[in-house]
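First up is the structure itself, then whatever we jot down about it.
The values are calculated or read from the model by the stated rules, or taken from the named source; none is laboratory data. In this text, all values refer to a predicted model and were calculated from it rather than measured experimentally. No Cβ is skipped: glycine too gets one built from the backbone with ideal geometry, and neighbour counts run over all protein chains shown. SASA here: full protein model, heavy atoms, side chains in, ligands and nucleic acids out. Shrake-Rupley method; radii C 1.70, N 1.55, O 1.52, S 1.80 Å.
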Amino acid sequence: MEGHSMRPIRKVLIGVTGASGSIYAERLIQLLLDSVDRIYLVITETGEKVAQHELKSESLLVKASLGKLTKQELSIIRPFKINDLFAPCASGTAAPDAMIVVPSSMGTLARIATGVSSNLLERSADVVLKQRRRLIICPREMPFNLIHLRNMTLLAEAGAEILPLMPGFYQKPKTMEDLVNFCVGKVLEQLDIPHDLYKPWNSRLI
Ligand SMILES: Cc1cc2nc3c(=O)[nH]c(=O)nc-3n(C[C@H](O)[C@H](O)[C@H](O)COP(=O)(O)O)c2cc1C
């Protein structure tokens, strides 16, 4: 697979599935609000239920799932229904600069890996790969079975970047927010979007 496209990241698609860890998507969206022009948001049916279970009612994801985002939030976040195959991101002509599936269930990961495209999230990922845009997949499962591992290999071979939701501890996290920020910071770094969520490792030497 060739190197990544150097397109500036202005239009991002966040795909949220029914894996545990909606808080990662919530934090990523909050941070992207200040650094991109447009956030397309596609949440699977189970993703909505898990977000409602794991997050507070005032969170962006829960509000998006209930159609309650404010006018100001909607000026950047554009939610689409999971079955809206007429949405712009279903077509190569309107592919985002980058798509992040966070958290990614093993089911959605498998369907993207095998090109199933049975809903808008899966179709958008298919489009992003074919248009050679950035596709970042943040899987969450433990343990992985051989099918999960093979599907991740397939995706990596097709050009997707696999960023597992595996926080490190060398930054000495003190809160759950620190752990979430660690993983979200890795996603931003992958896209060359600056952040100050934690100090770079060995920053005193740079
Ligand atoms: C509370 C809850 C947590 C879940 N966590 C995970 C998980 O971490 N990883 C995973 O692959 N599936 C998890 N699942 C199962 C998925 O939600 C399920 O496979 C679903 O069909 C995924 O659909 P989607 O990919 O369309 O969102 C969880 C389900 C529930 C109800």
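Do any residues in region 142-160 that are on the phi > 0 side of the Ramachandran plot have Cβ atoms under 9 Å from those of residues that are open to solvent by 70 Å² or more (accessible area, probe 1.4 Å) and among the acidic types (D, E), where the two are at least six apart or on different chains, and which pairs are they?
Short answer, once both residue conditions are applied: G159/E2.
Looking at S22, S65, S57, which one is touching a Lys or Arg at 6+ places or on another chain (Cβ under 9 Å), more than 24 Å from E157 (Cα to Cα) and within 16 Å of the ligand (Cβ to nearest atom)?
On the way: S22 fails: touching a Lys or Arg at 6+ places or on another chain (Cβ under 9 Å); S57 fails: within 16 Å of the ligand (Cβ to nearest atom).
One residue alone meets the criteria, S65.
Out of everything in region 1-34 that is among the small types (G, A, S) and at pLDDT below 95, what residue ends up being nearest to the chain's Cα centre (by Cα)? Even if it seems obvious, please write down each step before you answer.
At the first step, the residues of region 1-34 found to be among the small types (G, A, S) are 3, 5, 15, 18-22, 25.
Next, only the ones that are at pLDDT below 95 stay: 3, 5.
Details: G3: 20, S5: 18 Å.
For region 1-34, the residue satisfying everything is S5.
Determine which single condition S124 fails, assuming it passes every other condition in (1) in contact with a strand residue (DSSP E or B) (Cβ under 6 Å, 6 or more places away or on another chain); (2) open to solvent by 10 Å² or more (accessible area, probe 1.4 Å); (3) not charged (D, E, K, R).
(2)
If the requirement is being in contact (Cβ under 8 Å) with a residue 40 or more places away in the chain, within 16 Å of the ligand (Cβ to nearest atom) and outside any loop (DSSP other than H, G, I, E, B), which of these qualifies: I14, I29, I82? Steps first, answer last, please.
On the way: I29 fails: within 16 Å of the ligand (Cβ to nearest atom); I82 fails: outside any loop (DSSP other than H, G, I, E, B).
Just a single option satisfies the conditions, and that option is I14.
Take the residues in region 132-153 that are crowded, with 16+ Cβ neighbours inside 10 Å and not charged (D, E, K, R), then tell me which one is farthest from E177 (Cα to Cα).
In the first step, residues of region 132-153 are kept if they are crowded, with 16+ Cβ neighbours inside 10 Å; the result is 133-141, 148, 151-152.
In the following step, the residues that additionally are not charged (D, E, K, R) were identified as 135-139, 148, 151-152.
Numbers: L135: 25, I136: 21, I137: 21, C138: 17, P139: 19, H148: 28, N151: 30, M152: 27 Å.
This residue is N151.
Out of the residues in region 170-205 that are part of a loop (DSSP other than H, G, I, E, B) and open to solvent by less than 50 Å² (accessible area, probe 1.4 Å), which is farthest from I29 (Cα to Cα)?
Initially, region 170-205 is screened for residues part of a loop (DSSP other than H, G, I, E, B), giving 170-175, 191-202.
When the remaining residues are screened for being open to solvent by less than 50 Å² (accessible area, probe 1.4 Å), the result is 173, 191, 193, 197-198.
On the way: P173: 21, L191: 14, I193: 13, L197: 14, Y198: 18 Å.
Among them, the one singled out is P173.
Of everything in region 92-116, what is in contact with a helix residue (DSSP H, G or I) (Cβ under 7 Å, 6 or more places away or on another chain) and either at pLDDT below 95 or away from the ligand (no atom under 13 Å from the Cβ) (or both)? Give them in sequence order.
Matches in region 92-116: G92, A94, A95, P96, M99, I100, G115.
Based on what the data block shows, is A87 more than 11 Å from the ligand (Cβ to nearest atom), of a type outside the set (D, E) and over 14 Å from the mean Cα position of the chain (by Cα)? Explain how you work it out, then say what you get.
Values: more than 11 Å from the ligand (Cβ to nearest atom): yes; of a type outside the set (D, E): yes; over 14 Å from the mean Cα position of the chain (by Cα): yes.
So A87 fits the description; yes.
Using the structure shown, decide if I82 is under 11 Å from V16 (Cβ atoms) and not small (G, A, S). Walk me through it before giving the result.
Working: under 11 Å from V16 (Cβ atoms): yes; not small (G, A, S): yes.
Yes; evaluated as a whole, the condition is true for this residue.
What about L74, is it more than 16 Å from the ligand (Cβ to nearest atom), in contact with a helix residue (DSSP H, G or I) (Cβ under 9 Å, 6 or more places away or on another chain) and modelled with pLDDT of 95 or more?
No, not satisfied.
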